Structures are given as C-alpha cells and as structure tokens.
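The values are calculated or read from the model by the stated rules, or taken from the named source; none is laboratory data. Here the structure is a predicted model, which means the values were calculated and not measured. No Cβ is skipped: glycine too gets one built from the backbone with ideal geometry, and neighbour counts run over all protein chains shown.
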Amino acid sequence: MRKISLENTQAAGKKTIKEVNQKLILNLIREHQPISRVEISNRTELQRSTVTIITERLLNENWVYEGESGPSNTNGGGRRPRNMYLNPDKQHVLGVEVGREQTILAVADLNGKILSRKLTETKRDASVFFPALAKAIKSYARESRLRTGVEVTGVGIGLGGYIEKATGRIIAAENFGWMDVPAGDLLRKSLDLPLYFENNAKLAAFAEIWFGREKGRRNFIYISTRDGLGTGVIINGEIYNGARDGAAEFGHFALFPYGERCACGNYGCWEVYASDMATVRRYLQMSKSTENASDHSPDINISHLIQRARQADDAAKKALQGTAEYLGLGIANLVFGFNPEAVLIGDSLMEAWDIIAEIIHTTVRSRVPSYYLEGLEIIPSSIKESHSLLGAIALTLAHDFSISRNL
C-alpha cells in the first residue's frame, strides 16, 4: 500500500483520519478482493473494531458488498469470515485519450473494466475541437446512464504535450499544432462533471501502476513513441511532475545537438529520431532510394511498417532497427539520470519487440557500466489496451481510492 508522506500531509483532525482510513481500506479491497475483515486488519495494522466500523459504513454507502465466505482462521474450524468485494457499479467514470488523429472516449466501472467506448476525430482547430469534445462527453455520459442506470461521476482526460494539470491548459503541444490552449476552460463551459487532466505519456505510466504488472515497482520509466516521444517517470510509486507539471519531457532532450530540427524549434531532439513518425519518415526515405520499393505512400503508419518488416521488406526492418538504436541511446541517459528498476516501452513498437529488443539492450550495455545495469529491466508494456486511456480512467478512480495528494 502507498504510504503517507508526513511532510506532505495536512494536520490530521478526526475527519481527516477517518477519510484516510476509509480510502486505505477501500483501496485495499479494490486491489485484493475478495478479502476478509481479518485480513484487512492484518494488512493495514488497524484495530479490528476500526475495520468493522469502516467496512460497515462502506457497505451502507454501497461501495462494497459481502460475498462468499473465506476459509476458517482457526484450527478448530470456527466461524468462516465473510469476504469483501468492491461494488463495481457504485458509480462509473469516463476516460478520454486525445490523440493526434483520433480521440477515444470510454466508460469504465470502479474496477477499471471498460464497459463501452467510442471514437471521434481530433480536429486541428482547438477552438472547434474542445467545445465539440465537451458535447460528446456530456452526451456519452448521458447515454451510459440511460443504458446502465449508473451515474458517471468524473472524467479523466489525457492530452499531448506540456499541460497545466489543475486547469487543463495546454501550454505547448507542438505535434498537435496547439500552443496556449485553454482546453479545460473550453470543456467546463458545457460540463459540470469533475475533470482531471494529465499528459498522455504520464497517464500511460500511471496505468502500469493501476492495472499492469508494475504494481509492485516504485521507480520506473514509461516511453511512448506515438504522437512524438513522451515519457512518464514514476518515483516512489507516483507520477513525477516537477515544479510546474513540465517534468519528464525527454522527447525534447538533445540526442544530437546539431541534428535535425524538431517541431519544438530545437535541433536533434530524441523524438526526431525515435518516435513512430521518425521511424516512418526514415522508412520512406530508404524506400525511395531502393529500386524495388513496393510502396512510397506517405499514408503508411507504424503498424503497416512493422507488418512490412515481417514480410521481408528490408527497408522497413532497417528503419525499425535504426529506431531501436536511437531508443537505446536515449534510455542510457535515463538510466544515468534516474537509476530506475525498469524502462517500459509501449504503443505499437511492442509489436516489433522481437526486432528491436536486442539492439536496444546492446546499445544501452555499450553506453552504461554494468554496475548501473544490475537489476534493470528494459521490457515492453504488459498492457494491451490503449495505455493513456486506461491511465485517464485510473486517474479518475484514484480520486476516490488514493490517499496521495499528488493527483
């Protein structure tokens, strides 16, 4: 369970302690269901009487329900404890992932299970897109309530680029063509639901904590190569945002200071060499110089490219291998900077892991001393769904389950 930082906690009155303990138990039930009151007491080190009072309150408020009995906790048999389960339909949440080409909306229950989803086009004109998105969210939440009978109580929204979390203002999203866009204000004009904002790559990392195999890890880095190159850094189990929400924009550190120009205006940024867009661009350049190039269409995407690499398209394979080397160079810098337990790579490059993995590992090993690499894993994400979408869902759920103030 996540611990409370005493330096980052308000003076705890009776109400605060009550709320913290209730969230602590509710989250424990969510993570370990089915679970008995005895086990809750053992795991939290709260008195059994306190656990009984809180679980009764959660039952009365319909947050949890009792199910089948667990095994007896005494050698002589004794009364079998009743197990507690989270009520997934106490309320629902809505997650939104805003991508360059399309935006995904999804309704999920309290277990994070996606119940329905829909797609909408991402318009380039932010002044048109965000009011339209607000209407789509409002309509979709209403449709979900009519279909399920359960209210949608909050919306998590993943955005590209450098954003201001509290307001939802997009400070800079060069790959979208958006600068200083008051996205949160545009959405709130039509919505009265609570809105929670975060950068897409950071949400993908958060999804790994909430839903993936990284639940036990406290320090890792997630790399997203879609819509540019973004990173989510998890330190001590929480998203690292820096002083003004702009931390971990490693797609814009200079891999080659005098290299190609980036959309941000600088030169040699990591994303110019290791993003999906860079991989496709490299492939098209290679194909044009090859006499037997099968298709020079600029409409090709990274999934098409990976498929071609598997069909013995040499240019496609070389483009992916080039990206693998550039990823390794950037990861080496991250390893020196953060000393993480793991580096995870998500999005479409997971499909090409057998092509790129060894090159990434070899490149990192050639740049980083072995003593720095002890225990480090560089692996594909375990999540097969839309990573940032799940992160947006998790962000919304966390406001009911987490005791962290860093949300």
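The C-beta contact set for the stretch 392-407 (first residue over 24 Å from GLY99 (Cβ atoms) and outside any helix (DSSP H, G or I), second residue among the acidic types (Asp, Glu) and modelled with pLDDT of 90 or more, distance under 7 angstrom, 6+ apart or interchain) comprises SER404/GLU238; ASN406/GLU238.
Within the stretch 237-258, the only residue that satisfies the criterion of being among the acidic types (Asp, Glu) and more than 16 Å from PHE206 (Cβ to Cβ) is GLU249. Here the condition is being surrounded by fewer than 22 Cβ atoms within 10 Å (Cβ to Cβ), of a type in the set (A, V, I, L, M, F, W, C), touching a helix residue (DSSP H, G or I) at 6+ places or on another chain (Cβ under 8 Å) and within 30 Å of ILE355 (Cβ to Cβ); of PHE220, PHE256, it holds for PHE256 alone.
Looking at the structure I just gave you, is VAL150 touching a His at 6+ places or on another chain (Cβ under 6 Å) and outside the structural domain of SER348 (by TED's automatic domain parsing)? Here the answer is yes, as VAL150 does meet what is asked. Criterion applied to LEU186, LEU203 was being touching a Leu at 6+ places or on another chain (Cβ under 9 Å), closer than 18 Å to GLY246 by Cβ and not in a loop (DSSP other than H, G, I, E, B), and the one residue passing it is LEU203. Just one of the numbered conditions (1) modelled with pLDDT of 95 or more; (2) of a type outside the set (Phe, Trp, Tyr); (3) surrounded by 24 or more Cβ atoms within 10 Å (Cβ to Cβ) is not true of GLY228: (1). Does the stretch 201-224 contain any residue that is over 16 Å from the mean Cα position of the chain (by Cα), β-branched (Val, Ile, Thr) and outside the structural domain of TRP178 (by TED's automatic domain parsing)? Within the stretch 201-224, not a single residue is over 16 Å from the mean Cα position of the chain (by Cα), β-branched (Val, Ile, Thr) and outside the structural domain of TRP178 (by TED's automatic domain parsing). Output the residues belonging to the stretch 323-344 that are assigned to a helix (DSSP H, G or I) and touching a Pro at 6+ places or on another chain (Cβ under 8 Å). The one that is assigned to a helix (DSSP H, G or I) and touching a Pro at 6+ places or on another chain (Cβ under 8 Å): LEU334. Within the stretch 175-189, residues that are farther than 17 Å from ILE137 by Cβ and of a type outside the set (Val, Ile, Thr) have Cβ atoms under 7 Å from residues that are in a helix (DSSP H, G or I) and at pLDDT 95 or above in these pairs: TRP178/ALA126, counting only partners at least 6 apart in sequence or on another chain. Just one residue in the set HIS361, HIS387 is in contact with a helix residue (DSSP H, G or I) (Cβ under 8 Å, 6 or more places away or on another chain) and closer than 15 Å to TYR222 by Cα; that residue is HIS387. Of the residues examined, TRP210 is not one that is out of contact with any Pro (no Cβ under 6 Å at 6 or more places or on another chain), under 28 Å from GLU377 (Cβ atoms), modelled with pLDDT of 95 or more and crowded, with 21+ Cβ neighbours inside 10 Å. Going through (1) buried (at least 18 other Cβ atoms within 10 Å of the Cβ); (2) modelled with pLDDT under 95; (3) in contact with a strand residue (DSSP E or B) (Cβ under 6 Å, 6 or more places away or on another chain) one by one, CYS264 falls short only on (3). With the structure loaded, tell me whether ASP354 is surrounded by fewer than 22 Cβ atoms within 10 Å (Cβ to Cβ) and outside any loop (DSSP other than H, G, I, E, B) or whether it fails that test. Spelling it out, ASP354 is indeed surrounded by fewer than 22 Cβ atoms within 10 Å (Cβ to Cβ) and outside any loop (DSSP other than H, G, I, E, B).
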